[in-house]
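For reference, the structure discussed in these notes is given below.
Rule-based calculations on the coordinates, nothing more; no lab input. Nothing here was measured: the structure is a model prediction, and the numbers come from that model. Here Cβ is always computed from backbone atoms with ideal geometry, including for glycine, and neighbour counts include all displayed protein chains.
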Amino acid sequence: MFLIWPSLVHSAAIDASGIADSELFTNSKSSKPFSQPRNMTDAEYDQFILGRSFFSIPWVEAPSATTARDGLGPHFNANTCTSCHVDSGGAPTLSKDGQPLRSLVFKLTQPSKHGLRWQLNNIDAPAHDSVPDPVYGVQVAINGNGKVLPEARTRLRIESLPFTYPDGQTILLSKFDPYLDQLAYGPLADDTVISLRQPPALVGLGLLEQVPESEILAWADPSDRNGDGISGRPNWLNPPEQQEKVLGRFNWKASEASIVNQSANAAAHDLGLTNPAYPEELCQPAQLDCLAAPRGRQSPHGLLDLPEFRLQAIADYIRGHKVPQPVALDEEAQKGQKLFHEAGCSGCHRSTLTTEKGQVFHPYSDLLLHDMGASLKDGRPEFLASEREYRTAPLWGIGGRVRAGERFLHDARAATPEEAILWHGGEAQAAKSTFIELGRAQRAALLHFLEQL
Ligand code: HEC
Ligand code: HEC
């Protein structure tokens, strides 16, 4: 892997496709930096508005007076996408007393059986290629419709771990230990592990979708041939016997290939909406109340709660957002940017990618998987991603997320970007050590740089 030194201030020029930056990018310090529509034609804007309505207007349980909006549940976590993606960002994850809010999703996995899923023919087969709990499925639903019981209440024990820099500065890190109570259908299986996932901000996903596979693979170095301690490998999502390869790009472990696939996954698992990828309600065989619950009624568009055209509108809405980008970096941020590269952060947080059409942009991710060490191990392999591997989290929009009070890392354990860095290990151990050894003023400059993104 090699380092790219971008110009110190991101270029505001017109790119090869002729799109002026201001049509695609917005000042990262603007209010609501994640939900502004990019410049588009009237027809595109109509589609954007349609998608926004399905993304943000609450769904209700079936049957109701409106077949356009019913179908929520029988089990679900929230009744809109915006509940977990506020203004298309992420969302608060913890209550004041340190308990999980609905946006902190509890995933269930039997890691010892990983790799067997292709033979299991589970009703939830398309999701994540991990083996779910036999009674509760892939994800814990904290709500149920009508007489259907919520599957469980999600809970956390939080352990505080003090960390001291060589220069004496101390900060408190938090480690999360998730558990469930009020389980509706008996205990979890003995070998089921709970893994936490918080919602990422939906930043620039339309651009990430358009990066040619070859550009992403050019950075992969699975056996670390250049000896820099950083490997990086693609997550392939298709069954081994299939010839055509499908590259994962989205979610914390790159477990989905496209925006429309992840939107279908979210509709099914987070809201309980049937759709072309998940035509059945996700009731498990032991959940008799769920199986007996009323279904959405036949509408002019068929039986699915979210037919194809609505799903596509949601995906177009997500693709249609402007991307936050710093307008100019002050002197402190320029110092921080230099330190970011010198410490080796950009070995994974790759500053620049280019779309097929030649649009240059700055996501600070290589979209590859990296081993992040034992402390971030989560018991949940997804396709080729092991329990310790995650996709490099893109850092664009991180300033807006800090201002919105969001937390960081896949399980939201980090209250600040600084805490997130201190949890890095594995392939990122050397970069973290360099960060720790920097003086206090230099660390502050690096963190100040991150907050401009
Ligand atoms: C209950 C909370 C919740 C709701 C509701 C929710 N999401 Fe998400 N969303 C998440 C979580 C958690 C993830 C990360 C999942 C993972 O890594 O496996 C995510 C990830 C995503 C991603 C991928 C982002 C990225 O950067 O890779 C997209 C796209 C997305 N959600 C779209 C939607 C849409 C569309 C809806 C409504 C149909 C929705 N979400 C509803 C919690 C939620
Ligand atoms: C070996 C690859 C690698 C290196 C090197 C690396 N990171 Fe990361 N970074 C990741 C991955 C992977 C994640 C997501 C981990 C998770 O969620 O558990 C991440 C997450 C983060 C986050 C949290 C983002 C979020 O959305 O929650 C921040 C902030 C961050 N890194 C900053 C840095 C800085 C600063 C450096 C240099 C000191 C650095 N990283 C070096 C791979 C790397």
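Please work out whether the range 255-322 counts as rounded, prolate or oblate from its C-alpha gyration tensor, where a ≥ b ≥ c are the square roots of the eigenvalues and a/c under 1.5 means rounded, while otherwise a/b larger than b/c means prolate and anything else oblate? Because a/c hits 1.5 or more and a/b fails to exceed b/c, the range 255-322 counts as oblate.
At a threshold of 8 angstrom on Cα-Cα distance, excluding pairs fewer than six apart, so keeping six or more, what relative contact order does the chain reach in percent? Walk me through the intermediate numbers first.
Working: 943 pairs, mean separation 105.4, N = 453.
The value is 23 percent.
For Leu282, Leu384, Leu369, the sequence from fewest to most other C-beta atoms within 10 Å is Leu384, Leu282, Leu369.
Rounded to the nearest whole Hz, the Karplus-based 3J(HN,Hα) values (6.51 cos²θ - 1.76 cosθ + 1.60, θ = phi - 60°) of the range 251-258 follow the sequence 6, 4, 10, 6, 8, 9, 8, 9, with x at glycine and proline. Peptides 307-317, 200-210 ranked from most to least packed, by the mean per-residue count of other Cβ atoms within 10 Å: 200-210, 307-317. Amide hydrogen proximity for Val323: with H placed 1.01 Å from N in the peptide plane, the residues at 5 or more positions away or on another chain lying under 5 Å are Phe25, Thr26. Take the Cβ atoms of Lys32 and Gln243, set R0 to 41 Å, and the FRET efficiency comes out at 0.40. Count the net charge of all other residues whose Cβ sits under 13 Å from the Cβ of Ala286, scoring Lys and Arg as +1 and Asp and Glu as -1. Result for the neighbourhood of Ala286: -3. Partner lysines whose Cα lies under 24 Å from the Cα of Lys147, excluding those fewer than 8 positions away in the same chain, are identified as Lys107.
In the neighborhood of Ala184, defined by Cβ-to-Cβ distances under 14 Å, what is the net charge if each Lys or Arg adds +1 and each Asp or Glu adds -1? Residues close to Ala184 contribute a combined charge of -2.
Couplings 3J(HN,Hα) of the range 326-343, computed from phi: x, 6, 8, 9, 6, 4, 4, 5, 5, 4, x, 5, 5, 5, 4, 6, 5, 6 Hz, in residue order, whole Hz [Karplus 6.51 cos²θ - 1.76 cosθ + 1.60, θ = phi - 60°; x for Gly and Pro].
Distances between placed amide hydrogens fall under 5 Å for Glu382 paired with no residue 5 or more residues away or on another chain. Taking amide H positions as modeled 1.01 Å from N, with prolines and chain starts lacking one, the residues under 5 Å from Leu369 and 5 or more places away or on another chain are Arg233, Asn235. Sorting Ile171, Ile259 by the number of Cβ atoms found within 10 Å of their own Cβ, with the fewest placed first, yields Ile171, Ile259.
A Cβ-based charge dipole, computed about the Cα centre of the chain with Lys and Arg at +1 and Asp and Glu at -1, lands at about 720 debye. A cut-off under 12 angstrom between Cβ atoms defines the neighbours of Val148, and their net charge, with Lys, Arg +1 and Asp, Glu -1, is -3. The lysines within cross-link reach of Lys357, meaning a Cα-to-Cα straight distance under 18 Å and a gap of 8 or more places when in the same chain, are Lys322. Phi-derived couplings, Karplus 6.51 cos²θ - 1.76 cosθ + 1.60 at θ = phi - 60°, listed residue by residue for the range 212-223: x, 3, 4, 5, 6, 5, 4, 8, 5, 8, x, 9 Hz, with x used for Gly and Pro. For the chain, the cysteines with no partner cysteine C-beta closer than 4.7 Å are Cys81, Cys84, Cys345, Cys348. The alpha carbon centroids of the range 378-415 and the range 200-225 are separated by 16 Å. When Cys283, Cys290 are sorted by how many other C-beta atoms sit within 10 angstrom of their C-beta, beginning with the fewest, the order is Cys283, Cys290.
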